[in-house]
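Asker: Mind having a look at this structure? Questions to follow.
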Amino acid sequence: MRLDVVSIFPEYLSPLDLSLIGKARRDGLLDLRVHDLRDFAHDRHQSVDDTPYGGGAGMVMKPQPWAEALAHVAGSDDGGAAVAGSDDPAPARPRLIVPGPGGVPFSQALARELAGEPWLAFACGRYEGIDERVYEHAAQDLGLEVTVVSLGDYVLNGGEVAVLAIVEAVARLLPGVIGNAESLVEESHEDGLLEYPVYTKPSSWESASGVRRDVPPVLLSGDHGRIAAWRHQQRLERTAARRPDLLHASQAMPGAAATGALEGLDVSTATPADAPELLTLSRACWVTEGRANGSFDIPPLVESLADVVDGLGQWQTWTVRSAGRLVGSVRGRRDPSDDATWQVGRLMVAPDLQGHGLGRALLAHVEAAAPSDVTTYWINTGRGSERNLRTYRKAGYRAVPGEGAYPGTVDLTKKRVRGSVDEG
Ligand code: JD8
């Protein structure tokens, strides 16, 4: 994997010379390059910031140095980042990650996703932030996929700390970076539960305050079945105590963490009796899309119960229930204007259960349901629906240039691969 980081404090990234990441770089597993933004500021003081339009405290980072820095990085493909086995002639382009307090929350799921990318570039902002036109320029002019990512709900002074954390979380998932990949399996956030407590010698330890503490006897028993059960119980208790939000998700979708997100869930063909809950779930799921696309005047937010019932007559619709609760749905139909195209619509997952792979599993489910003579899948989403676009891209869909079927939307299509997973 190739990684490029641009910052006005390049030395801030020097911790990435150390430890496993440092070794991975020396072993050629990681091609990490750090660039000083000031090298792309050509005035006498190499200034990279100026006063904010509209007034207010602080300074804003200027667009020109960033534009030159990103052009330099994105234009410097030396084949190191080419997708293995891809015959795509187009020069590889980095996926641009810009840390920011307003970004999508960084998570283990996002770390796994980024670990699948051949080339990542990071833009470290400072001051009050980077001129907004740089984000648009990178996406629209340089054609980069741009994702603003937040490390957490607190305010830092710049993006460097976030990049240190993101690079470490991503790089350690790459083959060969950490010794035994085994240990990746039972980690916190890897499967929705926090890790179990760990102990080492001595089995009985007396602290300076004279208190003696022993290792839980089960761990000295050699009985691996009992040890595994004790450790799982510890993980459940710890998660319930410290992160009940995680527990809720893993209980509500028992299969998600293990293998298929639909495992243990009841997937059924929708009936008019499901319409009231489908209407409610649509409202809940499309509020974020409305905000992301600057308009709440979109069918899932304005349609009536009668419209939902109507839709059930025009589309094959599936519901997903967990212990009776409607937690997801999706629908599919032949494109009225092209029999060989299978339209996928209203893919939705209850907001509190998103991020656990249920959306991807539902997409695979509706694709597998397409009649055998279907050759292409079609899906539509808001141009601003970054998360959906990422999910569909990961599932192999590609954006159709130009305006989508509805104003402010993007159409995406994917060729059906015979004998592929999506043929169920
Ligand atoms: C990038 C400039 C500072 C932020 C005025 C303070 C991430 N979880 C996170 N918290 N803060 C950041 C972050 C902060 C940044 C920059 C990331 C670039 N600042 C700004 C807005 C308010 N100052 C972050 N990831």
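Asker: In segment 102-114, what residues are more than 8 Å from the chain's Cα centre (by Cα), crowded, with 16+ Cβ neighbours inside 10 Å and modelled with pLDDT of 90 or more?
Answerer: G103
Asker: Which of the residues spanning segment 42-82 are part of a loop (DSSP other than H, G, I, E, B) and acidic (D, E)?
Answerer: Result: D43, D77, D78.
Asker: Just checking, which of G404, G396 is more than 19 Å from W318 (Cβ to Cβ), part of a loop (DSSP other than H, G, I, E, B) and in contact with a Lys or Arg (Cβ under 6 Å, 6 or more places away or on another chain)? Before the answer, list the steps.
Answerer: Details: G404 fails: in contact with a Lys or Arg (Cβ under 6 Å, 6 or more places away or on another chain).
Selected residue: G396, the only one of G404, G396 that is more than 19 Å from W318 (Cβ to Cβ), part of a loop (DSSP other than H, G, I, E, B) and in contact with a Lys or Arg (Cβ under 6 Å, 6 or more places away or on another chain).
Asker: For segment 314-334, indicate whether the set of residues that are in a loop (DSSP other than H, G, I, E, B), within 24 Å of the chain's Cα centre (by Cα) and crowded, with 17+ Cβ neighbours inside 10 Å is non-empty.
Answerer: Looking for residues that are in a loop (DSSP other than H, G, I, E, B), within 24 Å of the chain's Cα centre (by Cα) and crowded, with 17+ Cβ neighbours inside 10 Å, one finds none in segment 314-334, hence no.
Asker: Say whether the condition of being within 16 Å of the ligand (Cβ to nearest atom) and part of a helix (DSSP H, G or I) is met by at least one residue in segment 136-146.
Answerer: Kept after step one, since they are within 16 Å of the ligand (Cβ to nearest atom), are these residues of segment 136-146: 138, 146.
Pick out the ones that are also part of a helix (DSSP H, G or I) and you get 138.
The answer is yes, given that some residue of segment 136-146 is within 16 Å of the ligand (Cβ to nearest atom) and part of a helix (DSSP H, G or I).
Asker: When segment 152-169 is examined, which residues are found to be under 12 Å from F122 (Cβ atoms) and either in contact with an Asp or Glu (Cβ under 8 Å, 6 or more places away or on another chain) or more than 6 Å from the ligand (Cβ to nearest atom) (or both)?
Answerer: Within segment 152-169, E160, V161, V163, L164, A165, I166, V167 meet the criteria.
Asker: Let me ask another. Can you tell me which residue within segment 123-134, out of those that are more than 10 Å from the ligand (Cβ to nearest atom) and not basic (K, R), is surrounded by the fewest Cβ atoms within 10 Å (Cβ to Cβ)?
Answerer: Checked segment 123-134; the qualifying residue surrounded by the fewest Cβ atoms within 10 Å (Cβ to Cβ) is E132.
Asker: I'm trying to understand the selection: among the residues of segment 15-60, which are surrounded by 15 or more Cβ atoms within 10 Å (Cβ to Cβ), under 27 Å from the mean Cα position of the chain (by Cα) and among the small types (G, A, S)?
Answerer: Selection gives G22, A24.
Asker: Scan A228, A273 and give me the residue that is at pLDDT 90 or above and out of contact with any strand residue (DSSP E or B) (no Cβ under 6 Å at 6 or more places or on another chain).
Answerer: A273 is the lone residue from the list that is at pLDDT 90 or above and out of contact with any strand residue (DSSP E or B) (no Cβ under 6 Å at 6 or more places or on another chain).
Asker: Also: Go through segment 99-122 and report how many residues are under 18 Å from V73 (Cα atoms), part of a loop (DSSP other than H, G, I, E, B) and either within 16 Å of the ligand (Cβ to nearest atom) or among the acidic types (D, E) (or both).
Answerer: Of the residues in segment 99-122, 1 are under 18 Å from V73 (Cα atoms), part of a loop (DSSP other than H, G, I, E, B) and either within 16 Å of the ligand (Cβ to nearest atom) or among the acidic types (D, E) (or both).
Here's the yes/no breakdown for (1) at pLDDT 90 or above; (2) crowded, with 16+ Cβ neighbours inside 10 Å; (3) within 24 Å of K62 (Cβ to Cβ):
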| residue | (1), (2), (3) |
| --- | --- |
| E136 | yes, no, yes |
| S207 | yes, no, no |
| P216 | yes, no, no |
| L219 | yes, yes, no |
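The values are calculated or read from the model by the stated rules, or taken from the named source; none is laboratory data. Source: prediction; values computed, not measured. No Cβ is skipped: glycine too gets one built from the backbone with ideal geometry, and neighbour counts run over all protein chains shown.
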